[in-house]
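See below for the structure under consideration.
The values are calculated or read from the model by the stated rules, or taken from the named source; none is laboratory data. Small disclaimer: the values here were computed from a predicted structure and weren't measured. Every residue, glycine among them, receives a Cβ derived from its backbone with ideal geometry; neighbour counts consider all protein chains shown.
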Amino acid sequence: MDSGSAVVQAPGAIPVVGHLTAFLRAPLPFLRGLPAHGPLVTIRLGRQRVIVVCDPELTRTVLVQDRVFDKGGPLYERLREAGGQGLASCPSGEHRRQRRLIQPAFHHSRFPGYAHVMAERMDTLLGGWHDGQTLDLTTETRRIAADVVISAIFGTGLDAAVHTRLATDFHTLLAGFTRHTLTPKPLRKVPTPGNLRYERATRRVRRTMADLTTTYRAHGDTGETNLLSLLISARDPESDSPALTDDELVDQAVTMYSAGTETTASAVCWALFLAALHPEVHDRLITEIDTVLDGRTADWSDLPRLIYTRQVFTEAIRMYPPGWFLTRRTESDTRLGSYDLPKGTTIAYSPYLISHLPGLYPDPETFDPDRWKPAERGPEVPVTVFGGGARKCIGDQFALVEGVLLLASLVSHWHIDFHPDSLSLPRLPQLTLNPGKMKATVTARRGGEDRQRHTSQSRVP
Ligand code: HEM
């Protein structure tokens, strides 16, 4: 066998920090620049060497060969601190069993029920906004998405105070996540206020989830089926004992909350913002939504007719995929394309990078929902935005249903005026590529009277 090609290093590394400064300063342009150097490119984030996959086919190989390219690397090491060995972070050896247990909660027969809960929660929360109110859309959509995921996991009866505590702690955790991932271990242990806040939030999230699962085990048999009741009742086929311990239940609850909240919320925010910047898209969107909903909140039965709304949502997740940089570790010596990689190599794939390849998406920096016209599109969603292979997002359909319902309901009820310069990408994207704060004033819409108003003055950063 030949000795394989050498992986090139991205130019511009500086002593000690490598590419860390460039990555932190402008991560998205940095990632977009990598494919020019080859299908696999090494970057140095301080002392960590990471090979970034810049080719769609090789990315697919990494995703499909999940036992060779297993969950690992800096991102998943951090995720395990909070989510333990839950579905998203467990190694491949444990993954098939967990996925089998959890998959029934995402069976298509459950979606009308989930959509009903989503619509009910959206109606209540969107109905709590006031005419003329100024709010941060990122926070508000995250609140709604958290409420929806919590309702799907625990049922609808969660105490409001617990809800708020969870949301606050998760916010702290996710806000510190990337910084923590990129900081060498000894520095993570220094008791700075940021590190202390991060660790306290991680502990509290787990404790709150543990209290909830204990209460649920004791009183949760309400006849209602949700993810937790399914997991609690799951039995090991050989021993007939509970399939998951309490600790494993907590891992799953934390995993679902972190994987399912900020992702969908960010996507809806980006869709609203991008639509506001493109008047012709905004007009088509609002015309469809008014025709289908006539001022109502969207529900399951509306989905087949919210075609353009779905296109706008899909194009938003192409341009700003919430999972933007994900890591793996090779479990054995292997070959990827023409490259030999030793066991223990850290690999990253980036849905953001892949979604911006001109070879896949002509004119990739243009926001064009018509790429996703049902007649024209190939794949239903942008390649790799939900991952792939055995570790593909289990919540992809959940996210698409929720995203379209929320986008449509929000536009149906409220006119949104983004404040000038309301949007500033956080300097460093967090676990998800969320838009940072999005200050906007909302005005109640009455029967589509403001179809022609789109007064956004904001700019994409
Ligand atoms: C627009 C919204 C979403 C996007 C873009 C997204 C994206 C992704 C991606 C890229 C992965 C693969 C990660 C990797 O390969 O390392 C993933 C996995 C996962 N996602 Fe999502 N996700 C979204 C919404 C959700 C929702 C709503 C839930 C749950 C309700 C969820 C639960 C999960 C879980 C549990 C995994 C791990 C699956 C496994 O390893 O078997 N996601 N997601």
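To keep it simple, each residue is scored yes or no on (1) within 10 Å of the ligand (Cβ to nearest atom); (2) within 21 Å of Ala145 (Cβ to Cβ); (3) assigned to a helix (DSSP H, G or I).
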residue: Leu58; (1), (2), (3): no, no, yes
residue: Asp66; (1), (2), (3): yes, no, no
residue: Arg80; (1), (2), (3): no, no, yes
residue: Ser89; (1), (2), (3): yes, yes, no
residue: Gly93; (1), (2), (3): no, no, yes
residue: Arg99; (1), (2), (3): yes, no, yes
residue: Ala115; (1), (2), (3): no, yes, yes
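Among the candidates Ala267, Ala275, single out the residue that is in a helix (DSSP H, G or I), surrounded by 24 or more Cβ atoms within 10 Å (Cβ to Cβ) and within 16 Å of the ligand (Cβ to nearest atom).
Working: Ala275 fails: within 16 Å of the ligand (Cβ to nearest atom).
Result of the check over Ala267, Ala275: Ala267.
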Which numbered condition Ala175 misses (of (1) crowded, with 22+ Cβ neighbours inside 10 Å; (2) of a type in the set (A, V, I, L, M, F, W, C); (3) more than 25 Å from Leu405 (Cβ to Cβ)): (1)
Residue that is farthest from the chain's Cα centre (by Cα), among those in segment 14-45 that are part of a loop (DSSP other than H, G, I, E, B), farther than 18 Å from Leu341 by Cβ and not aliphatic (A, V, I, L, M): Pro15
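Looking at segment 357-397, which of the residues that are part of a helix (DSSP H, G or I) and of a type in the set (A, V, I, L, M, F, W, C) is nearest to the ligand (Cβ to nearest atom)?
Looking only at segment 357-397, we keep the residues that are part of a helix (DSSP H, G or I), and these are 369-372, 389-391, 396-397.
Keeping just the survivors that are of a type in the set (A, V, I, L, M, F, W, C) gives 372, 390.
On the way: Trp372: 14, Ala390: 7 Å.
Among those residues, the one meeting the criterion is Ala390.
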Any hit, segment 124-135, residues being crowded, with 18+ Cβ neighbours inside 10 Å and within 16 Å of the ligand (Cβ to nearest atom): no
Index of the failed condition, Gly436 passing every other in (1) at pLDDT below 80; (2) assigned to a loop (DSSP other than H, G, I, E, B); (3) away from the ligand (no atom under 16 Å from the Cβ): (1)
Residues located in segment 338-356, provided they are in a loop (DSSP other than H, G, I, E, B) and crowded, with 16+ Cβ neighbours inside 10 Å: Thr345, Ser350, His356
Phe111, sole failed condition from (1) assigned to a helix (DSSP H, G or I); (2) more than 14 Å from the ligand (Cβ to nearest atom); (3) modelled with pLDDT of 90 or more: (2)
